[in-house]
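Report on the following structure.
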Number of protein chains: 2
Amino acid sequence: MEKIELETVCIPVSVIRRLPRYLTEAQRLCQEGVEWVSSAILAKTLGLTSSTVRQDLSYIDFKGISKRGYSAIGLETALARTLGVDRDVVCLLVGAGNLGRALSMHEGFARQGFKIVGVFDNNPAIVGKKIGRFTVQGMDDIAPHVAAGTVDIGIISVPHDAAQDVADLLIKAGVRGLLNMTTAHLQVPETVSVVDVRILLSLRELAYRVRSR
Amino acid sequence: MEKIELETVCIPVSVIRRLPRYLTEAQRLCQEGVEWVSSAILAKTLGLTSSTVRQDLSYIDFKGISKRGYSAIGLETALARTLGVDRDVVCLLVGAGNLGRALSMHEGFARQGFKIVGVFDNNPAIVGKKIGRFTVQGMDDIAPHVAAGTVDIGIISVPHDAAQDVADLLIKAGVRGLLNMTTAHLQVPETVSVVDVRILLSLRELAYRVRSR
DNA sequence: TAGATTGTTAATCGATTAACAATC
DNA sequence: TAGATTGTTAATCGATTAACAATC
């Protein structure tokens, strides 16, 4: 009785967080016409050790070559495949305050394959208003939008106290990934992924570090 | 020959990152009139284990009480003192694109003690324009501004390729802490602290996690 | 008092780094 | 060939979790 091992190697979260940075750097190197890059150079550029770089890259389906290093193009291709960069990621944005507005108008995201397809807010004074190329929609419009099944990610940029309700609503509608821009901790079922971007907490961390010297 | 131990306990970065979250929660509890909170409840609310909570809180100058837990007010006070929340943190913002504009107009930061005192950009088409209550200044105005010695933090929200130059300029002017909103890795001397907020990388991480299920 | 909850020590877990044989 | 650089294993480091005596 043999076991067929379906080599779906699980990539640790710590590595996943760095892969996009290698991709960005590989793209840059390709643009500049650089053909080969060593783990030592990559490490220097990204603030890592060469050991970490080699460990990380061992997770993707791509091999370097002794004495030469990694092919920039090969690296870019393999990382893009691993991260699924070829396909657009469809996002909904909830919360049309200053931050939400900035995110919805940020061309950088669209250029990198993150397409915002709807902006929502619960404030009647804002609903119906134009923000860049979007017309702000009410919260009731979220569910039908998600129902189409094309939405990958919900971006939450509402006040702290509204965050959990918005998360619940998005999850109920079927969204499986949340980018949490609030200071709240979101309680979600196992099937849903959350990544936190907490600018205020980062500022506090920084303030502490600057002062304690 | 005795050694006098100056108990300046160094708080690990992992703990520092969580302290602001305890503070936010303690403030909320106080507002709601809650007097006592246990490590188990705090853990539940913040998505941690009670063990982690007790370990973390052991670093601040404040003790809980067996059977009752932590006094919400005492916790708030001690955390505020540890994090230096009483004093305003003075920030400069460099890069008046969508993101920079949003940050400069975000009242939440000011309310939490982070005062932006100047917005700068190298684009002559933007310099002199009004953004909220700010008039965008040119890059040459940064150095004299910092020279006054009151600036704690520089916030960098410029394109990837300009990030390092801006960091160098801010550091040369005397800034000791940088909030990096770009995808670039900043090379800085040991005396300077950097905290990264990389929204695009967070989006990529999330996209990967949503897809690999 | 009995029981709940802390503070702290020890055990576990995972991530990073070091080391080195394989190899181009 | 000699030397540089990879891929991978083993060692280290640090963070998280478990356990439990102290204690209110």
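Just so it is clear, none of the values below were taken in a lab; they were calculated from the coordinates. This structure is a prediction, so every number in the text was calculated from the model and none was measured. All Cβ positions, even for glycine, are placed from backbone atoms using ideal geometry, and neighbour counts span all protein chains on display.
For this structure, a couple of remarks:
- Backbone phi angles across segment A:58-63, fed through the Karplus curve with coefficients 6.51, -1.76 and 1.60 (θ = phi - 60°), yield HN-Hα couplings of 5, 7, 9, 7, 6, 10 Hz in residue order; Gly and Pro are listed as x.
- On Cα atoms only, tilt of A:199-211 relative to the major axis of chain A in degrees: 60 degrees
- For residues of B:147-157, the mean tally of beta carbons on other chains within 10 Å: 1
- Relative to the dominant Cα principal axis of chain A, helix A:13-31 is inclined by about 70°.
- At most 16 other Cβ within 10 Å, DSSP loop - trypsin sites (Lys or Arg not before Pro), segment B:72-117: B:ARG87
- Rounded to whole numbers, the Karplus 3J(HN,Hα) couplings from phi for segment A:153-159 are 9, x, 9, 10, 10, 10, x Hz, using 6.51 cos²θ - 1.76 cosθ + 1.60 with θ = phi - 60°, and x at Gly and Pro.
- Estimated [θ] at 222 nm from DSSP helical runs (n ≥ 4, -39500 (n - 2.57)) normalised by residues in chain B, nearest 500: -12500 deg cm²/dmol
- Residue with peak Gaussian network fluctuation, chain A [Cα springs, cutoff 10 Å], from A:SER202, A:SER39, A:SER50: A:SER202
- Ignoring aspartates and glutamates fewer than eight residues from B:LYS172 along the same chain, the ones with Cα atoms less than 18 angstrom from its Cα are B:ASP121, B:ASP140, B:ASP141, B:ASP152, B:GLU190.
- Gyration tensor (alpha-carbon) shape descriptor, segment A:106-169, a/c threshold 1.5: rounded
- In chain A the longest region clear of GluC sites (Glu not before Pro) that are loop-assigned by DSSP and have at most 14 other C-beta atoms within 10 Å covers A:36-189.
- Prolate/oblate/rounded call for the protein assembly as shown, Cα gyration tensor, a/c under 1.5 rounded: rounded
- Inter-chain Cβ neighbour average for residues A:175-185, partner chain, 10 Å: 4
- Relative contact order (percent, whole number), chain B, Cα cutoff 8 Å, 6+ residue spacing: 13 percent
- With each label modelled as a point 7 angstrom along the Cα→C-beta vector, the A:SER58-A:LYS115 pair spans 3.9 nm.
- Computed from Cα atoms, the angle from the helix B:72-83 axis to the main principal axis of chain B rounds to 40 degrees.
- Cut-off under 5 Å, modelled amide H: who pairs with B:LYS129 long-range: B:VAL136
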